[in-house]
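Structure record follows, encoded as structure tokens.
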Amino acid sequence: MAILSYNEITLKKVIIHEGEPCLAVATHVFRKQQRKPVNITKLKGLKSGRSVEVTFHQNETVEEA
């Protein structure tokens with residue numbers, strides 16, 4: 001299992017978020033004016049089926065499933 005930085009989370013990647021495997025359904029990396037870049041990601045839980053929108057900041061990492 002690899003560790004991914006915020007910008008390596010792309011479409012159809014499966015990651016571990018809050019202890020549950022989740023599929024990245026939509027991602028968007030952008031900068032807002034003078035701020036640091038962020039990745040707004042829509043995740044779908046593979047076990048529960050719930051969808052959540054999560055913002056990953058530049059200094060965050062996640063585990064790939």
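Heavy atoms only, probe 1.4 Å: what % of the accessible area of the chain goes to carbon and sulfur, would you let me know? Here carbon and sulfur together make up 50 percent of the probe-accessible area.
So what's the net charge close to PHE30: Lys and Arg +1, Asp and Glu -1, counting the other residues with Cβ under 15 Å from its Cβ?
Counting the neighbours of PHE30, the net charge comes to +4.
Taking every Cα-Cα distance in the chain and sorting them into 10 Å bins starting at zero, the pair-distance distribution P(r) comes out as 24, 56, 18, 3 percent. Each Cα pair under 8 Å and six or more residues apart adds its separation to the average, and for region 12-65 the resulting relative contact order is 35 percent.
Between ILE3 and LYS32, the C-beta separation translates, for a Förster distance of 30 Å, into a calculated FRET efficiency of about 0.70. Across LYS13, LYS44, LYS32, mean-square fluctuation computed from a Gaussian network of the chain (C-alpha pairs under 10 Å connected) peaks at LYS32. Per-residue Karplus couplings for region 11-28, computed as 6.51 cos²θ - 1.76 cosθ + 1.60 with θ equal to phi - 60°, are listed in order as 4, 6, 8, 9, 10, 9, 10, 6, x, 10, x, 10, 9, 7, 8, 8, 9, 8 Hz, Gly and Pro entered as x. Rolling a 1.4 Å probe across the protein heavy atoms gives the chain an accessible surface of 70 Å² per residue.
The values are calculated or read from the model by the stated rules, or taken from the named source; none is laboratory data. All values reported here derive from a predicted model rather than from experimental measurement. Heads up, the Cβs are rebuilt from the backbone with ideal geometry, glycines too, and the neighbour counts pull from every protein chain shown. Surface areas here come from the heavy atoms of the whole protein model, side chains and all, with no ligands, DNA or RNA. Shrake-Rupley method; radii C 1.70, N 1.55, O 1.52, S 1.80 Å.
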